[in-house]
2 protein chains.
Amino acid sequence: MGALPQPAPAGACRVGIAGFGTVGQAVARLIRELAPAELQLTTICNRAVERKRVADLGDVRWTDRVEDLLDGEVDVVVELIGGRVPAEDWIRRALDAGKSVVTANKQVIAHAGPELLDRARRAGRHLRFEAAVGGGIPVLRAIEDGLAGDRLSRVAGVLNGTCNYVLTRMEGNHRCSFSDALREAQALGLTEANPAEDVDGLDARAKLAILALVALGLHVRPEEISCRSIAAVEPIDFIYAKRLGATIRQVAWIERDRNGSEPAVAAVGPALVPAGSRLARVTGRENVVIVSGEFGGETAFSGHGAGGDPTAVAVLSDLLAIARSAAPPRAPRAEPSAVSSDLVGPQYIRFTVADRPGIIAELATVFARHNVSIDAVLQEPGCPPARLPFVISLESCAASVVNRAITAAASLDFHVVPPLVLPILRPAPASGAQAPGAV
Amino acid sequence: MGALPQPAPAGACRVGIAGFGTVGQAVARLIRELAPAELQLTTICNRAVERKRVADLGDVRWTDRVEDLLDGEVDVVVELIGGRVPAEDWIRRALDAGKSVVTANKQVIAHAGPELLDRARRAGRHLRFEAAVGGGIPVLRAIEDGLAGDRLSRVAGVLNGTCNYVLTRMEGNHRCSFSDALREAQALGLTEANPAEDVDGLDARAKLAILALVALGLHVRPEEISCRSIAAVEPIDFIYAKRLGATIRQVAWIERDRNGSEPAVAAVGPALVPAGSRLARVTGRENVVIVSGEFGGETAFSGHGAGGDPTAVAVLSDLLAIARSAAPPRAPRAEPSAVSSDLVGPQYIRFTVADRPGIIAELATVFARHNVSIDAVLQEPGCPPARLPFVISLESCAASVVNRAITAAASLDFHVVPPLVLPILRPAPASGAQAPGAV
C-alpha cells in the first residue's frame with residue numbers, strides 16, 4: 001500500500017490485531033475487560049474472517065486484508081498469526097508503514113529480531129515481543145530495564161512447558177514412559193501442532209536466542225544452538241539422577257566468555273540439575289528464567305510460560321508500554337555472534353547393554369584413551385541382564401571429548417540402546433563468580 | 001536554597017549521591033565499572049565526608065552540605081542515607097528543586113510514597129525506588145510495566161532475608177533455637193542495627209506497603225498492617241508443620257477484595273506454607289515476591305533481597321531508566337485504603353502445657369463455644385510432661401474469632417508458654433481463581 005508513516009495519535013493508541021486465534025481472542029477480550037484509556041481496538045484481520053466475527057467487541061473493523069492494518073486507523077499492529085511466513089513480511093510492512101508492532105512470534109524474532117529492531121529504530125517506531133518468551137512472565141522487560149544496571153553473563157531456563165510437564169511426570173512416576181507422558185501432554189492440549197518443536201528443543205532454542213539478544217546483546221542464529229531431544233530420556237534416568245543428587249530438566253542456557261575472547265557457550269537439551277536448585281524446582285508446565293549478573297547475582301522469574309490469557313497479558317503490557325511512552329526505547333544492538341556447544345563440565349552417561357563380563361573394563365579403557373576420568377559407576381539392582389541400564393559419571397571434561405569417546409565406544413558389541421549423554425549442571429557458587437554450567 | 005528547576009541535560013545525566021555507606025559506595029563503583037554513557041557521577045554528599053573520600057572516582061565534588069545536591073551540577077539525587085529523618089525532607093527539597101530522585105529508602109516510600117510521587121508528578125520529575133523492595137530483584141519494574149496488562153489481586157512474599165535465614169536454619173537443624181539462629185545471622189552481618197526491625201516484621205511491612213501501592217494501587221499506612229514476630233517460633237513448630245505437609249516462613253501478603261466492597265486483607269508474620277510451594281522453596285537470605293493476576297495467574301520473582309551490590313544494581317537501573325526516558329512515567333495514584341488483618345483460613349495453634357488429664361477436653365470446649373471446628377490434634381512423643389508442646393489445627397475460620405478463643409483459653413491453668421497461633425496458607429488453585437490466603 002505504501003501508506004505514509006502516521007503521526008502518533010493525540011488520543012488513544014489504535015490497535016489492529018493480525019491473527020484471531022486463541023491469543024488474539026484473549027487480547028481482544030482483555031482490552032474489552034480492562035478497557036485501558038490508552039488503547040482502542042479498531043481492526044481485526046484474519047483469513048476467512050467472517051467465521052471469527054463476534055458481537056461483543058463493539059465498533060471493530062473485521063477484515064481479511066493485511067493492507068487494512070496499514071492504513072490510518074491503526075497505530076500498532078499486533079502480529080499473532082505465528083510461523084515465519086508471512087508473519088515476518090507483515091511485520092516489515094507494518095514498520096515501513098510507520099506502525100509500531102507487538103508480536104508473540106518467537107521464530108520471527110529469533111531469526112530476524114536484530115534486523116527488525118533496526119528497521120523499527122530507523123522508522124522511529126516500537127517493536128516489542130514480551131510474549132515471545134515465557135508467556136506471561138515479564139522477563140524481557142525485567143532484564144532490559146530492571147537489570148540494566150548490571151553486567152549480565154549468563155541465562156539459563158526451563159523455557160518449554162510441554163517438556164517440563166513430560167519430564168516432571170516421569171520424575172513423579174517411574175512407571176510413566178516418555179511416550180506415555182507425551183500422550184498425556186497432547187491430550188491436555190499442551191503440545192505444538194508438531195510435538196518435535198517442543199521435544200527436540202526447537203521451541204526453547206528460539207526463545208534462548210531472543211534471551212541472548214536482550215540479556216547478553218548477542219545475535220545468535222538459532223540454528224547454531226545445539227539441540228538435543230528429551231525423547232531418549234527413560235524413567236531409569238530419574239532413578240540414577242536421584243542417586244547423584246539431581247533430577248532431569250530440559251534446560252536452555254547460554255553463557256558468555258568473561259573476557260569476550262571465546263564464543264559464548266549455548267545449548268538446549270535434557271540435563272542433570274541439582275535437586276532443590278531453581279531449575280529443579282520448576283514443575284509441571286511452569287517456566288523459569290534465571291539471569292546471572294556480575295553484581296546482582298542470580299535473579300529468577302517464573303510463572304505461566306504459555307496459555308492464551310497469560311500470553312495476552314504480555315501483549316497488552318507491551319501495548320500499554322507503547323501507548324505510554326513518547327519515544328521508542330533504545331533497541332539492543334547486536335553483531336552476529338558465533339556460539340559453541342562445547343560445554344566443559346561433568347557428564348552423565350547411561351549405557352543399556354546385554355550384560356557379560358568385561359564391559360566396564362572395555363569402556364574404562366576407551367575413556368582412559370580419551371583422557372577422560374571416571375567419577376562413579378552406578379548400577380541399580382534388579383534389572384534384566386539382557387537389557388541392563390547402568391551409568392558412568394565423568395569428571396569435568398569437554399562435551400566434544402566425551403562425544404568422541406562415545407563414538408569410539410559405539411563399535412563395542414554389548415549396546416542394546418545407544419548411550420544417553422547428559423551434562424551435569426552444577427550449583428552456582430554463592431559469590432558472584434560463575435562456574436561454567438552453574439545453575 | 002530555592003534553586004530553580006533545571007532543564008533536562010543535553011548530555012549525560014548528572015548524578016549526586018546522598019549517603020556514602022555500603023550501598024552508596026557500591027553505586028559509585030558500579031557507575032565507574034560499567035561507565036554508562038548516559039550517567040555522570042558529579043557529587044557525593046556525606047556527613048564528615050573527608051573520611052569517606054576515595055581517589056578512584058575521578059572528578060567528583062565531595063561535600064557535607066545537602067544544598068550542593070540541589071544546584072546546577074546535579075540532575076538526579078540518589079538518596080541512600082536511610083531512616084525517615086532527614087531523608088524524607090531531603091527528597092522533598094530535591095524534587096522541589098527540579099531534581100529527579102532515586103531512593104532505596106523503604107520507610108520513606110512506605111509512609112510518604114503517594115505524597116512524594118504526587119510532588120514528583122507536579123514537578124515533572126521522576127521518583128524511583130526499585131531498591132526499596134527486594135534489593136536486586138527488579139520486581140517493581142516488572143509489576144508496573146510488565147504486568148500492566150493484567151488486573152492484579154494479590155501479592156505475597158518473603159521480603160526479609162534475615163527472617164528467612166533464621167527460619168530456614170531452624171528448619172534444617174531442629175536443635176538450632178531462634179536465638180541461636182539469630183545470633184548466627186547477626187554474626188554474618190545480616191541483621192538491621194535493631195534486629196527487631198527484621199524479626200518483628202517492621203521491615204517486611206514497609207516493603208509490603210510499597211508493593212500494595214505499585215501492584216494494587218492501594219495506599220496502605222504501614223502502621224495499619226498487622227505484624228507478628230517470628231521470635232515465638234520454636235524448633236518443635238517445624239516438626240509439627242512437617243506433619244501437616246508444611247513449613248514456616250515469615251510471609252507478607254495483601255489481597256484485595258474482588259468486588260472492592262471490603263477492605264484488603266494484609267498481614268506480616270510467621271505462617272505455615274505448603275511444603276514445595278513457592279514460598280517454602282525460598283531458602284537462606286533469598287527473597288521472593290509472588291504476584292497473582294486475574295488473567296496471567298501467578299508470577300514469581302526471586303533473588304538477592306539485600307546486599308550492597310544487588311541493591312546498587314537496582315539503583316543504577318533506576319538511574320538508567322531516568323536517563324533514557326523523555327518523560328516521567330505515570331505514577332500510581334492511590335487513595336488512602338483501610339486494611340483488615342482478619343484473614344479467614346485454617347489455623348495452627350501450638351500449646352505448651354504442664355500435662356494433666358482433661359486439657360484437650362477443656363480446650364475443645366472453649367473452641368466449641370466460639371463455634372470453631374478442630375481439624376486435628378497432634379502430639380509428638382518423647383516430650384517432657386512438665387513442658388509438653390502439642391498442636392491443634394483448626395478448620396477455616398476468621399483470625400479474630402481464633403484470637404477471642406485463645407484469649408478465653410489463656411485463663412486455663414496449664415499453660416507454660418503462651419500459645420502460638422500461625423495461619424495456614426493454602427496452595428493456590430490451578431486456575432486463575434484465588435482462594436483467600438492461597439500461596
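The values are calculated or read from the model by the stated rules, or taken from the named source; none is laboratory data. This is a predicted model, so every value here is computed, not measured. We place every Cβ from the backbone using ideal geometry, glycine too, and count neighbours over all the protein chains shown. For the accessible areas, the whole protein counts, side chains as well, though only heavy atoms, and no ligand, DNA or RNA atoms are used. Shrake-Rupley method; radii C 1.70, N 1.55, O 1.52, S 1.80 Å.
The set of residues in the stretch A:23-47 being polar (S, T, N, Q), away from chain B (no Cβ under 13 Å) and within 31 Å of the chain's Cα centre (by Cα) consists of A:THR43, A:ASN46. Residues in the stretch A:164-179 that are touching an Asp or Glu at 6+ places or on another chain (Cβ under 8 Å) and among the polar types (S, T, N, Q): A:ASN164, A:SER177.
When the residues of the stretch A:269-278 are filtered to those that are crowded, with 24+ Cβ neighbours inside 10 Å and out of contact with any Leu (no Cβ under 6 Å at 6 or more places or on another chain), the one that is farthest from B:ALA26 (Cα to Cα) is A:GLY269.
Filter the stretch B:120-142 for residues that are among the β-branched types (Val, Ile, Thr) and assigned to a loop (DSSP other than H, G, I, E, B) and give the result. Within the stretch B:120-142, B:VAL133, B:ILE137 meet the criteria.
Would you check if A:ALA123 is in contact (Cβ under 8 Å) with a residue 60 or more places away in the chain and over 30 Å from B:PHE301 (Cβ atoms)? Against the criterion (in contact (Cβ under 8 Å) with a residue 60 or more places away in the chain and over 30 Å from B:PHE301 (Cβ atoms)), A:ALA123 qualifies. Check A:ALA12 against each of (1) closer than 19 Å to A:GLY308 by Cβ; (2) aliphatic (A, V, I, L, M); (3) modelled with pLDDT under 95 and name the one condition it does not meet. Against the list (1) closer than 19 Å to A:GLY308 by Cβ; (2) aliphatic (A, V, I, L, M); (3) modelled with pLDDT under 95, A:ALA12 comes up short only on (1). Scanning the stretch A:284-335 for residues that are within 8 Å of chain B (Cβ to nearest Cβ), assigned to a loop (DSSP other than H, G, I, E, B) and under 24 Å from B:PRO329 (Cα atoms) yields A:SER325, A:ALA326, A:ALA327, A:PRO329, A:ARG330.
Listed by first and then second residue, the pairs linking a residue in the stretch B:284-309 that is under 26 Å from A:VAL23 (Cβ atoms) and without any contact (Cβ under 8 Å) to a residue 24 or more places away in the chain to a residue that is open to solvent by 10 Å² or more (accessible area, probe 1.4 Å) and outside any loop (DSSP other than H, G, I, E, B), with Cβ atoms under 8 Å apart and 6 or more places separating them unless they lie on different chains, are B:ALA300/A:SER302.
Taking every residue in the stretch B:141-156 that is within 7 Å of chain A (Cβ to nearest Cβ) and closer than 21 Å to B:TRP253 by Cβ and pairing it with any residue that is of a type in the set (Val, Ile, Thr) and in a strand (DSSP E or B), at least 6 positions away or on another chain, the pairs with Cβ-Cβ distances below 8 Å are B:ALA142/B:THR299; B:LEU147/B:VAL291; B:LEU147/B:THR299. Where helices (runs of 4 or more DSSP H) fall entirely within the stretch A:175-276, those with at least 3 residues that are under 23 Å from A:LEU117 (Cα atoms) and in contact with a strand residue (DSSP E or B) (Cβ under 7 Å, 6 or more places away or on another chain) are at A:202-211.
The stretch B:370-439 holds no strands (runs of 3 or more DSSP E) entirely within its bounds that carry 3 or more residues that are open to solvent by less than 60 Å² (accessible area, probe 1.4 Å) and at pLDDT below 95.
Total residues in the stretch B:143-190 satisfying the condition of being under 18 Å from B:GLU130 (Cβ atoms), of a type outside the set (Gly, Ala, Ser) and touching a Phe, Trp or Tyr at 6+ places or on another chain (Cβ under 8 Å): the figure is 1.
Looking at B:ASP96, B:ASP71, B:ASP118, just one residue is touching a helix residue (DSSP H, G or I) at 6+ places or on another chain (Cβ under 8 Å), away from every other protein chain (no Cβ under 14 Å), over 27 Å from B:ARG278 (Cα atoms) and of a type in the set (Asp, Glu), and that residue is B:ASP96.
Residue selection: B:ILE91 fails the criterion of being more than 13 Å from chain A (Cβ to nearest Cβ), under 15 Å from the mean Cα position of the chain (by Cα) and on the phi < 0 side of the Ramachandran plot. Checked against (1) touching a Leu at 6+ places or on another chain (Cβ under 8 Å); (2) open to solvent by less than 10 Å² (accessible area, probe 1.4 Å), B:LEU167 meets all criteria but (1).
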